[in-house]
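Here is the structure we will look at, set down as structure tokens.
The values are calculated or read from the model by the stated rules, or taken from the named source; none is laboratory data. Keep in mind it's a predicted model, so treat the numbers as computed, not measured. Backbone-built Cβ (ideal geometry, glycine too); neighbour counts: all protein chains shown. Surface accessibility is based on the protein's heavy atoms, side chains included, excluding ligands, DNA and RNA. Shrake-Rupley method; radii C 1.70, N 1.55, O 1.52, S 1.80 Å.
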Amino acid sequence: MSSLFSGHILIRNNSDQDELDTEVELSHRLDNRLVLLFFGAGSCPQCQAFAPVLRDFFVRLTDEFYVLRAAQLALVYVSQDPTEEQQDLFLRDMPKKWLFLPFEDDLRRDLGRRFSVQRLPAVVVLKPGGDVLTHDATDEIQRLGPTCFANWLEAAEVLDRSFLQPEDLDDAAPRSLTEPLRRRKYRVDPAAPGTRGSREGGGPGAESGVGRLF
């Protein structure tokens, strides 16, 4: 997963704004976990409304105050803010474990095009291998909260399937009655990582009125 940001710097959203500028640091923060790419902007009213929901979702999965062990989850804020000041203002009240790209990094726009982001906010969920698990999880996060993370884990096969021998993977029995349903819901198409379906409740731009951004 860290290969997505190879050659780039990610910054931690803490008071020191620590930079992850080596392959080792990027790998430590991103590999072997699900990664959320949060496309948003402080000037977007829908983003302002969704940000507290996403903040609570992330904290309840990664803060030891709520869980015994932090979830295998990382979040990268891919700012679409028009100015660096607006980006900093938007991140001011967000979790310290969030990561973000420097404002001057053109990868902010490149990622939007790569994953076909057409409106804000958008949360792209990536499997540890880099494939897209879901193209926009904003509705799911709002409806299900932290519960949807378990669905993603099972769909991404991050848990016990990683301990199977290679020859056993194709014939592994489902771990639960709901696994086949989740497989269908989160089916990954590696040949088209940027394909994006519409959100529930309308076609492109139905919620925010924002057209193609990139």
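Details
- Taking the criterion of being part of a helix (DSSP H, G or I), within 20 Å of E19 (Cβ to Cβ) and open to solvent by less than 20 Å² (accessible area, probe 1.4 Å), the residues of the stretch 47-98 that qualify are Q87, F90, L91.
- Filtering the stretch 134-154 to residues that are assigned to a helix (DSSP H, G or I), more than 15 Å from C47 (Cα to Cα), touching a residue at least 12 places away in the same chain (Cβ under 8 Å) and touching a helix residue (DSSP H, G or I) at 6+ places or on another chain (Cβ under 8 Å) leaves F149, N151, E154.
- For the criterion of being out of contact with any strand residue (DSSP E or B) (no Cβ under 7 Å at 6 or more places or on another chain) and open to solvent by less than 50 Å² (accessible area, probe 1.4 Å), G129 fails.
- Among the conditions (1) acidic (D, E); (2) closer than 20 Å to G7 by Cβ; (3) open to solvent by less than 30 Å² (accessible area, probe 1.4 Å), E104 misses just one, which is (3).
- Count - residues of the stretch 102-155 that are closer than 17 Å to L213 by Cα, among the small types (G, A, S) and in contact with a Lys or Arg (Cβ under 6 Å, 6 or more places away or on another chain): 1
- Pairs, first farther than 17 Å from L89 by Cα in the stretch 47-58, second open to solvent by less than 10 Å² (accessible area, probe 1.4 Å) and assigned to a helix (DSSP H, G or I), C-beta under 7 Å, six or more apart: V53/I141; F57/I141
- Boolean, T83 is of a type in the set (V, I, T) and farther than 20 Å from M1 by Cβ: yes
- Taking the criterion of being more than 16 Å from the chain's Cα centre (by Cα), loosely packed, with under 15 Cβ neighbours inside 10 Å, touching a residue at least 12 places away in the same chain (Cβ under 8 Å) and outside any helix (DSSP H, G or I), the only residue of the stretch 16-42 that qualifies is D21.
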